[in-house]
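Contents: one structure, followed by commentary.
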Amino acid sequence: MRRREFLKLAATSATGAVLFTGCGSIGNGNPPSEFKIESPVWNPNDLRYGRDAWFATAAPPSIGGYGIIVRVFEGRAKKVEGNPDFPINLGRSCAKAQALVQELYHPDRVGAPLRLAGQRGSGQYQAIGWDEALGQVAGLIQQAPGSTLLVTEPLNGALGAIVEQFVRATGIQHASLEPDERVVLREAMRRAFGVESFPTLDLANARFLVSFSADFLHTWISPVQFARAYGAFRQGRPDVRGTYYHVGPRLSGTAANADRWLPIRPGAEGLVALSMAQVMLEEGLVEEANAEPFFKALGLTPEQLAADFAPERVADATGLSAEQIRELARAFAEQRPSVAIAGTSAAASTNGLFNLVAVFALNYLVGSVGSEGGLILNPASPLPDELPANRSGDAYRRWVELARQIAGGQITTVLVHRANPVYSLPPASGFQDALRSAGSVVSFSSFLDETTMLADLVLPDHTLLEQWGLVVPDPGPGYQVVAVQQPVVNPFVDSRAFGDVLIQLAAQLGKPLPWPSQEEAVRALADTLRGLGRGNVAADHPRAYFVTMQAQGGWWDERARAGEASPQAATAPANPEFSGEPGQFPFYLLPFPSDALGYGEFSHLPWLQGLPEPVSTNVWGTWLEVNPRTARDIGVETGDVVRVVTPQGSAELPVYVNPAAMPDVLSVPMGQGHTAFGRYAEGRGVNPLELVAPQVERETGALAWAATRCRLELTGRRMRIARLEGQVPAFQLEEFPIIQVTRPRT
Amino acid sequence: MPRWGMVIDLDRCIGCGACVVACQAENNVPINTEDVYHQRRAIEWIRLERYWDGEYPDIKARYIPVPCMHCQNAPCEPVCPVYATYHTSEGINMQVYNRCIGTRYCSVNCQWHVRFFNFWEPKWPDSLKNQLNPNVTVRSRGVMEKCTFCIQRIVKAEHQAKLEGRDLRADEFTTACAQACPTDAIVFGDLDNPNSRVAQLVNSAVNERGYRLLEDLGTEPSVYYLKKVDLEAPVEEHSSHQG
């Protein structure tokens with residue numbers, strides 16, 4: 001037997017072994033032998049032994065869709081780096097992208113198609129073949145296409161195009177799930193600027209930045225893009241150091257970098273912004289001509305602004321002093337170019353849309369919309385019809401309606417790809433209960449997450465490093481960009497690309513899609529880019545064109561920028577509303593997306609679980625952040641377990657005394673509380689969405705997860721919080737300071 | 001002969017932890033499980049420390065990434081009875097894993113606590129072993145490990161330069177932490193090459209922000225920090241005590 005044949009055989013048997021272990025576990029033991037000699041990896045044809053190969057591909061759209069390169073050694077992906085040529089990140093990357101290799105080689109990946117072999121939710125599955133699995137799904141769709149619902153992440157790029165075609169051809173319903181504050185942000189962009197895509201910031205040229213609760217360096221829309229610019233904002237210019245103020249109810253990992261943090265009441269972001277505008281106009285700090293679009297975006301008259309939003313009038317409601325608001329307004333108006341952004345919890349209030357529109361409209365006042373050092377709007381996708389950028393996810397309100405339809409039997413079959421609605425929607429939505437009773441549930445997830453645990457059939461998807469794709473990063477860098485995803489390794493288990501599955505299903509249903517495979521779709525759509533005759537790729541032959549795109553990681557056209565922006569619709573001022581009477585529930589409950597785990601979609605990766613949350617340095621769990629004085633008044637300290645009670649429910653959490661917590665705000669990180677999703681995610685911590693009342697943003701219907709009040713009850717128990725702080729004795733000593741600070745040079 | 005060193009700009013650092021995970025991915029650092037944290041035995045060759053300054057509402061949280069300082073007068077080196085901890089000719093404080101007998105004297109003598117002992121055999125599920133970097137030894141139980149300035153990358157670059165019959169170019173490669181850093185806060189390179197970015201940052205008269213961690217101990221660290229800029233900092237200020 002030749003060596004190559006032997007390897008092939010070994011590969012087949014290794015994959016076969018996966019099939020037979022049932023739930024797709026790839027190996028639990030730690031055998032004394034460190035490595036198996038035979039490779040479980042199906043090696044590619046172009047393998048060169050002993051040499052590194054680097055492949056350019058793209059990070060997931062949810063963390064910015066930026067360009068990455070992956071080191072592949074003998075058929076295995078080893079290391080992710082940023083793509084140095086890619087315009088969004090220029091070689092930079094983040095912890096989440098680094099951890100993509102752990103998703104690829106995760107021990108709890110679903111190794112083959114599975115069929116439910118017990119009660120729904122029992123997690124008992126039996127491996128089946130792809131043909132059987134596809135046949136069953138095709139049968140389900142054929143029975144009642146109008147009663148079939150497909151749930152995905154927001155559509156993007158080539159996969160988005162395939163899904164869209166599939167939905168159109170088969171006539172099924174489609175809904176997409178993304179964190180609700182992104183739904184609000186998209187609507188704010190539409191109303192305030194008339195654009196469909198997220199904005200970017202020209203921080204490298206800005207002098208002053210104010211962020212209203214937006215966690216833009218860690219979790220907000222495109223952290224790597226902003227972080228790279230932030231480095232230049234601080235220290236990239238010889239004579240200017242940008243100044244950054246943060247306004248918001250929590251000193252987040254991002255806010256900790258601010259020159260000044262102004263703690264405000266949750267949901268008061270828009271009020272502060274309007275008051276700033278009032279000061280700027282009253283004191284003549286901004287040009288009158290710039291005021292018109294500002295007033296149009298908010299549907300206000302100058303008289304109304306002057307009458308209702310003077311700092312003295314709103315100070316109490318915001319939690320700031322009138323003087324603080326005045327100083328902030330002056331700094332923003334005088335240190336131009338200045339830019340204002342809002343997001344994260346600002347959008348997750350009942351008045352989230354108003355908060356965002358009010359803050360983003362401030363940029364009109366200082367002339368920062370689309371100008372150097374300001375807020376840069378992004379153009380639409382270069383092929384808006386063929387290659388969608390992220391189409392907005394559906395708001396919470398629609399999910400409640402869909403849950404009702406599933407429970408009522410109008411929707412009988414639910415197909416879910418990647419999204420995890422059972423975890424990401426609060427139980428109050430009724431989605432989880434509805435899905436339990438649904439006629440049929442099919443999941444296309446790579447992992448047995450909470451939603452997949454309720455599935456009758458699991459058709460495992462490739463992970464990101466195994467598949468073809470075209471991604472339209474949202475936000476882009478201010479001009480049109482498309483990233484190419486390509487498989488850097490052969491599939492590690494018997495999974496199939498979701499696009500390929502849809503294409504095959506469509507063919508079985510007698511409604512073939514225009515492409516024979518996901519790869520062909522990517523190639524065909526890339527070739528449409530060639531048809532545009534612009535951009536950085538120059539090649540006449542389609543093949544040469546695509547290879548160039550692959551080699552550099554994508555296509556971009558620096559001249560294709562957004563046009564003039566103007567407000568499209570007015571968003572009237574509104575006050576935040578909270579569930580729970582202040583007398584009974586004295587604290588605000590403020591969930592926040594976790595720096596490493598996001599909204600829980602990265603909780604299955606051990607590197608990210610073990611990465612300390614920057615401010616608390618806590619790991620592997622959920623905690624409740626309490627102000628030191630509040631903690632003293634209640635009589636708790638770090639490690640004491642308390643019961644957090646909201647009008648919606650209760651949960652027990654350990655206290656972490658956070659010296660920067662506001663006295664009446666209790667913060668809880670999102671991302672934990674998984675009941676499934678692999679060994680590293682399961683059974684740790686609490687999902688704060690189980691505590692939040694089903695309050696919605698009043699205009700968009702998005703979930704307002706920062707609009708619930710709570711109270712604390714002592715349990716008398718204690719637990720240890722796993723964290724980095726205290727691992728080593730490290731102190732800021734007066735005589736030997738660890739972190740030294742200095743004044744800015746003048 | 002190069003003299004490797006690093007500059008970390010605290011005014012750029014945002015505390016994102018990309019360096020921490022990049023280092024773990026590059027250097028086969030064992031997974032820091034919850035138990036490991038409870039035992040206070042987490043291994044992070046580069047870690048992100050956070051210090052509080054002030055009280056609510058005038059409070060600041062400040063970040064500092066801490067890798068091995070690669071001291072030129074390293075206190076960890078002379079105490080090793082078996083010469084497992086030694087100084088390379090290129091200025092790196094190196095650990096020879098197969099000499100190490102686990103006395104942990106070096107760790108006791110390190111003021112920066114950047115040496116980590118493997119109390120247990122590192123464990124990965126079989127499938128995750130596919131990710132391990134073939135250029136880096138997996139350390140076994142009873143062995144001390146630490147930041148190597150990504151020695152495998154240095155060796156590879158030097159080998160390549162030798163094959164091509166040339167000197168190393170300034171900044172032709174970098175460490176995993178510096179490569180990942182999204183804000184460009186970490187810069188690695190040859191302190192003796194005037195064209196390298198580290199040398200320029202360290203030497204430039206413009207940059208009066210430079211300092212070294214616990215410099216007064218006289219160990220001559222090869223890692224330089226640039227001070228955090230604070231609008232309210234007193235003229236010659238140190239932030240206050242808090243761990």
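I need the full set of residues from the stretch A:146-164 which are over 18 Å from A:GLU196 (Cβ atoms), touching a residue at least 40 places away in the same chain (Cβ under 8 Å) and open to solvent by 10 Å² or more (accessible area, probe 1.4 Å), in order please.
Once the filter is applied, which keeps residues that are over 18 Å from A:GLU196 (Cβ atoms), touching a residue at least 40 places away in the same chain (Cβ under 8 Å) and open to solvent by 10 Å² or more (accessible area, probe 1.4 Å), the stretch A:146-164 yields A:SER147, A:LEU159.
For the stretch A:183-205, does any single residue satisfy the condition of being within 20 Å of the chain's Cα centre (by Cα) and under 24 Å from B:LEU226 (Cα atoms)?
No, the stretch A:183-205 contains no residue that is within 20 Å of the chain's Cα centre (by Cα) and under 24 Å from B:LEU226 (Cα atoms).
Select from the stretch A:585-620 the residues that are under 20 Å from B:TRP52 (Cβ atoms), open to solvent by less than 10 Å² (accessible area, probe 1.4 Å) and in a strand (DSSP E or B) and write down the one among them that is farthest from the other protein chains (Cβ to nearest Cβ).
A:LEU590
Kindly evaluate A:GLU450 against the criterion of being part of a helix (DSSP H, G or I) and of a type in the set (D, E, K, R).
no
Of the residues that make up the stretch A:98-111, is at least one facing chain B (nearest Cβ under 10 Å) and among the charged types (D, E, K, R)?
Yes: the stretch A:98-111 contains one or more residues that are facing chain B (nearest Cβ under 10 Å) and among the charged types (D, E, K, R).
Return yes or no: is A:THR675 open to solvent by 30 Å² or more (accessible area, probe 1.4 Å), away from chain B (no Cβ under 11 Å), hydroxyl-bearing (Ser, Thr, Tyr) and more than 26 Å from the chain's Cα centre (by Cα)?
No, not satisfied.
Considering each residue of the stretch A:413-438, count those that are touching a residue at least 60 places away in the same chain (Cβ under 8 Å), touching a Gly at 6+ places or on another chain (Cβ under 9 Å) and farther than 15 Å from A:ALA175 by Cα, and give that number.
Final tally of qualifying residues: 4.
Got a sec? Which of A:PRO663, A:PRO694 is over 21 Å from A:ALA97 (Cα atoms), open to solvent by 10 Å² or more (accessible area, probe 1.4 Å) and at pLDDT below 95?
Numbers: A:PRO663 fails: at pLDDT below 95.
Checking each option against the conditions leaves just A:PRO694.
Quickly run through the stretch B:196-213 and pick out the residues that are open to solvent by 40 Å² or more (accessible area, probe 1.4 Å), hydrophobic (A, V, I, L, M, F, W, C) and either within 18 Å of the chain's Cα centre (by Cα) or over 22 Å from A:ARG745 (Cα atoms) (or both).
B:LEU201, B:VAL202, listed by residue number.
Report whether or not A:VAL728 is at pLDDT below 95, in a strand (DSSP E or B) and within 14 Å of chain B (Cβ to nearest Cβ).
Details: at pLDDT below 95: yes; in a strand (DSSP E or B): no; within 14 Å of chain B (Cβ to nearest Cβ): yes.
Spelling it out, it is not the case that A:VAL728 is at pLDDT below 95, in a strand (DSSP E or B) and within 14 Å of chain B (Cβ to nearest Cβ).
Just checking, which of A:ALA322, A:ALA361 is open to solvent by 10 Å² or more (accessible area, probe 1.4 Å) and out of contact with any strand residue (DSSP E or B) (no Cβ under 6 Å at 6 or more places or on another chain)? Explain how you work it out, then say what you get.
Details: A:ALA361 fails: open to solvent by 10 Å² or more (accessible area, probe 1.4 Å).
After applying the criteria, what remains is A:ALA322.
Could you please let me know if A:THR548 is part of a helix (DSSP H, G or I), open to solvent by 40 Å² or more (accessible area, probe 1.4 Å), in contact (Cβ under 8 Å) with a residue 60 or more places away in the chain and out of contact with any Pro (no Cβ under 6 Å at 6 or more places or on another chain)? Show your work before the answer.
Details: part of a helix (DSSP H, G or I): yes; open to solvent by 40 Å² or more (accessible area, probe 1.4 Å): yes; in contact (Cβ under 8 Å) with a residue 60 or more places away in the chain: no; out of contact with any Pro (no Cβ under 6 Å at 6 or more places or on another chain): yes.
Considered against the rule, which asks whether it is part of a helix (DSSP H, G or I), open to solvent by 40 Å² or more (accessible area, probe 1.4 Å), in contact (Cβ under 8 Å) with a residue 60 or more places away in the chain and out of contact with any Pro (no Cβ under 6 Å at 6 or more places or on another chain), A:THR548 comes out as no.
Out of the residues in the stretch A:646-667 that are under 13 Å from A:PRO688 (Cβ atoms) and not polar (S, T, N, Q), state the one that is farthest from the other protein chains (Cβ to nearest Cβ). Talk me through it step by step, then tell me what you get.
Initial filter on the stretch A:646-667 (under 13 Å from A:PRO688 (Cβ atoms)): A:646, A:648-653, A:666-667.
Filter again for not polar (S, T, N, Q), leaving A:649, A:651-653, A:666.
Numbers: A:GLY649: 25, A:ALA651: 19, A:GLU652: 17, A:LEU653: 16, A:LEU666: 14 Å.
Only one residue fits best here, namely A:GLY649.
Would you kindly identify the strands (runs of 3 or more DSSP E) lying entirely within the stretch A:634-697 that contain at least 3 residues that are among the small types (Gly, Ala, Ser)? Break it down stepwise before answering.
Values: elements: A:640-645, A:650-657, A:665-669.
Per the criteria, no element qualifies.
Suppose we filter the stretch A:171-188 for residues that are part of a helix (DSSP H, G or I) and either surrounded by fewer than 23 Cβ atoms within 10 Å (Cβ to Cβ) or of a type in the set (D, E, K, R) (or both); how many remain?
Step one: list which residues in the stretch A:171-188 are part of a helix (DSSP H, G or I), which gives A:180-188.
Add one more test, that the residue is either surrounded by fewer than 23 Cβ atoms within 10 Å (Cβ to Cβ) or of a type in the set (D, E, K, R) (or both), and what stays is A:180-182, A:186-187.
Adding up the residues that qualify gives 5.
Specify the residue that is nearest to the other protein chains (Cβ to nearest Cβ); the eligible residues are those in the stretch B:20-72 that are out of contact with any strand residue (DSSP E or B) (no Cβ under 9 Å at 6 or more places or on another chain) and of a type in the set (S, T, N, Q).
Of everything passing the filter in the stretch B:20-72, B:ASN32 is nearest to the other protein chains (Cβ to nearest Cβ).
Looking at A:ARG643, A:ARG561, A:ARG530, A:ARG632, can you tell me which residue is open to solvent by 20 Å² or more (accessible area, probe 1.4 Å) and within 14 Å of chain B (Cβ to nearest Cβ)?
Residue meeting the stated conditions: A:ARG632.
Taking A:GLN98 as the residue in question, decide whether it is under 24 Å from the mean Cα position of the chain (by Cα) and of a type outside the set (Val, Ile, Thr).
Values: under 24 Å from the mean Cα position of the chain (by Cα): yes; of a type outside the set (Val, Ile, Thr): yes.
Judged against the criteria, A:GLN98 is a match.
If a residue has to be touching a strand residue (DSSP E or B) at 6+ places or on another chain (Cβ under 6 Å) and in a loop (DSSP other than H, G, I, E, B) to count, how many in the stretch A:478-494 make the cut?
So in the stretch A:478-494, the residues touching a strand residue (DSSP E or B) at 6+ places or on another chain (Cβ under 6 Å) come out as A:478-486, A:488-489, A:493.
With in a loop (DSSP other than H, G, I, E, B) added as a condition, the list becomes A:478, A:486, A:488-489, A:493.
Looking only at that region, the number is 5.
What strands (runs of 3 or more DSSP E) lie completely within the stretch A:201-265 and have 1 or more residues being within 8 Å of chain B (Cβ to nearest Cβ)? It would help to see each step written out before you state the result.
On the way: elements: A:208-212, A:243-248, A:260-263.
Answer list for the stretch A:201-265: A:243-248, A:260-263.
Output yes when any residue across the stretch A:192-206 is open to solvent by less than 10 Å² (accessible area, probe 1.4 Å) and charged (D, E, K, R), and no when none is. Working first, answer last.
Of the stretch A:192-206, the ones open to solvent by less than 10 Å² (accessible area, probe 1.4 Å) are A:192-193, A:198-200, A:203, A:206.
From the residues that got through so far, the ones that are charged (D, E, K, R) too are none.
No - not one qualifying residue is present in the stretch A:192-206.
Suppose we filter B:VAL79, B:VAL66 for residues that are under 24 Å from B:CYS177 (Cβ atoms) and either in contact with a Pro (Cβ under 7 Å, 6 or more places away or on another chain) or of a type in the set (Val, Ile, Thr) (or both); which single one remains?
On the way: B:VAL79 fails: under 24 Å from B:CYS177 (Cβ atoms).
Just a single option satisfies the conditions, and that option is B:VAL66.
What single numbered condition from (1) open to solvent by 40 Å² or more (accessible area, probe 1.4 Å); (2) away from chain A (no Cβ under 14 Å) fails to hold for B:GLU145?
(1)
Would you confirm whether or not the stretch B:160-173 contains a residue that is crowded, with 19+ Cβ neighbours inside 10 Å and in a loop (DSSP other than H, G, I, E, B)? Spell out how you get there, then give the answer.
From the stretch B:160-173, those crowded, with 19+ Cβ neighbours inside 10 Å are none; that's our starting set.
The answer is no, given that none of the residues of the stretch B:160-173 is crowded, with 19+ Cβ neighbours inside 10 Å and in a loop (DSSP other than H, G, I, E, B).
Report whether or not A:GLN136 is surrounded by 15 or more Cβ atoms within 10 Å (Cβ to Cβ), of a type in the set (S, T, N, Q) and away from every other protein chain (no Cβ under 11 Å).
Numbers: surrounded by 15 or more Cβ atoms within 10 Å (Cβ to Cβ): yes; of a type in the set (S, T, N, Q): yes; away from every other protein chain (no Cβ under 11 Å): yes.
In short, yes.
I'm checking my understanding of the structure. Among residues of the stretch A:76-94 that are in contact (Cβ under 8 Å) with a residue 60 or more places away in the chain, facing chain B (nearest Cβ under 9 Å) and open to solvent by less than 10 Å² (accessible area, probe 1.4 Å), which one is nearest to B:VAL20 (Cα to Cα)?
Quick first cut of the stretch A:76-94, residues in contact (Cβ under 8 Å) with a residue 60 or more places away in the chain only: A:76-77, A:82-83, A:85-90, A:92-94.
Keeping just the survivors that are facing chain B (nearest Cβ under 9 Å) gives A:76-77, A:82, A:89, A:92-94.
Now drop any that are not open to solvent by less than 10 Å² (accessible area, probe 1.4 Å), which leaves A:77, A:82, A:89, A:93.
Values: A:ALA77: 19, A:GLY82: 15, A:ASN89: 19, A:SER93: 12 Å.
That would be A:SER93.
Residues are listed down the side, and each one gets a yes or a no for (1) modelled with pLDDT of 95 or more; (2) closer than 22 Å to A:PRO384 by Cβ:
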{"site": "A:ALA438", "(1), (2)": "no, no"}
{"site": "A:VAL442", "(1), (2)": "yes, no"}
{"site": "A:PRO475", "(1), (2)": "no, yes"}
{"site": "A:LEU505", "(1), (2)": "yes, no"}
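With the condition kept exactly as written, say whether any residue in the stretch A:154-174 is closer than 28 Å to A:VAL489 by Cα, within 14 Å of chain B (Cβ to nearest Cβ) and under 20 Å from the mean Cα position of the chain (by Cα).
no
Looking at the structure I just gave you, is B:THR183 over 18 Å from B:TYR86 (Cβ atoms), facing another protein chain (nearest Cβ under 10 Å) and of a type in the set (Val, Ile, Thr)?
Working: over 18 Å from B:TYR86 (Cβ atoms): yes; facing another protein chain (nearest Cβ under 10 Å): yes; of a type in the set (Val, Ile, Thr): yes.
Yes; evaluated as a whole, the condition is true for this residue.
The values are calculated or read from the model by the stated rules, or taken from the named source; none is laboratory data. Because the structure is a prediction, the values reported are computed rather than measured. Cβ coordinates were reconstructed from backbone atoms using ideal geometry, including for glycine residues, and neighbour counts include every protein chain displayed. Heads up: the accessible areas ignore ligands, DNA and RNA and are worked out on the full protein's heavy atoms, side chains in. Shrake-Rupley method; radii C 1.70, N 1.55, O 1.52, S 1.80 Å.
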